[in-house]
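The values are calculated or read from the model by the stated rules, or taken from the named source; none is laboratory data. Just so it is clear, the model here is predicted, and its values are computed rather than measured. A quick note on method: Cβ atoms are made from the backbone with ideal geometry, for glycine too, and the neighbour counts reach across all protein chains shown. Quick note on the areas: whole protein, heavy atoms, side chains included, nothing else; ligands and nucleic acids left out. Shrake-Rupley method; radii C 1.70, N 1.55, O 1.52, S 1.80 Å.
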Amino acid sequence: MQTKRLLIVEDDYDVAEMLLMYFTAKQYEVYHADTGMGGIDLARKKLPNLILLDVMLPELNGYEVCAHLRNVSLTKHIPVIFLTQKDGRADIVEGLELGADDYIAKPFDVDELRLRVQRSIERATRESLYDSKTGLPTGPMAEEEIARMKVEDEAFTEMRFSISGFGAFNDKYGFMNADTVLEFGAKCIYEAVTEHGTPEDFVGYLDGKFVIVTKVDDPDEMLAHTVGQFNEGARAFYTFIDVDNNGILVNEGTANEHLEPLMQLEVHQQADV
């Protein structure tokens, strides 16, 4: 099961510390920023499943942060719950109009907050905003974003990746380990885009394939980073015997016995426009 990633953008140290401790104990992978710009940066780098966003922040307030996140392809799908001292109807409406998924006023009950976080993540998965295994945008929302970029941008590169040897790995090691491999693949691709791409790039998961749409002039470095990191890291998911054999022995003892190579990330489609 994928560990849920939670980003807390909160400048009140006591509140942030309490939330960090609480959600870490609930098996979330938790990140924290105490400024709006810091939150934007972490949202881009860590691809959280949900963001808890304080409204009253220094420099950029929560509304400005939310507006920025919703205007960037990499982060526009991430659910946002506002945390604030304000509970007036106008403030709630403003937050929801910016694309926030929920709104909770301080002081709040932390167990109620956890349920709201859980339900927002479940709703995003159910509505196919992102894939539950990879944490990447998927479904109609991802397709619409890719189509929008193709219409609006004069030049881009679209790359789609598949994992060769994934079926044999799944058969031997089980679906839980296979899901972990998909999560790792998403991490490799996302890190490559955040390091070598632009803020306008898109990463998604459609029809069993990872998708990158990038505006960089030369995506070769991004491509090499993605494939190299996955192919090297994938070895850690196998037993020492399979690594030494450089693959999985399939149909052992039969006429169809053969060695299925270790998983590799392969470019399924690359198109420059």
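The table for this structure:
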quantity: Options 6, 19, 83, 52; residue that is touching a helix residue (DSSP H, G or I) at 6+ places or on another chain (Cβ under 8 Å), in contact (Cβ under 8 Å) with a residue 60 or more places away in the chain and farther than 28 Å from residue 184 by Cα; calculated: 83
quantity: Matching residues, segment 218-241, being among the charged types (D, E, K, R) and either at positive phi or free of Cβ contacts under 8 Å to residues at least 24 places away in the same chain (or both); calculated: 218, 220, 232
quantity: Segments classed as strands (runs of 3 or more DSSP E), wholly inside segment 153-266, with at least 2 members that are under 26 Å from residue 142 (Cα atoms) and within 22 Å of the chain's Cα centre (by Cα); calculated: 157-164, 202-206, 209-214
quantity: Test result for residue 30, assigned to a loop (DSSP other than H, G, I, E, B) and either at pLDDT 90 or above or closer than 25 Å to residue 210 by Cα (or both); calculated: no
quantity: Of the criteria (1) over 26 Å from residue 71 (Cβ atoms); (2) modelled with pLDDT of 90 or more, which one residue 192 fails; calculated: (1)
quantity: Conditions (1) open to solvent by 20 Å² or more (accessible area, probe 1.4 Å); (2) closer than 27 Å to residue 176 by Cα; number of the one not met by residue 6; calculated: (1)
quantity: Close pairs (7 angstrom Cβ cut-off, 6 or more residues apart or separate chains): closer than 16 Å to residue 157 by Cβ in segment 191-204, among the acidic types (Asp, Glu) and surrounded by 22 or more Cβ atoms within 10 Å (Cβ to Cβ) anywhere; calculated: 193/201
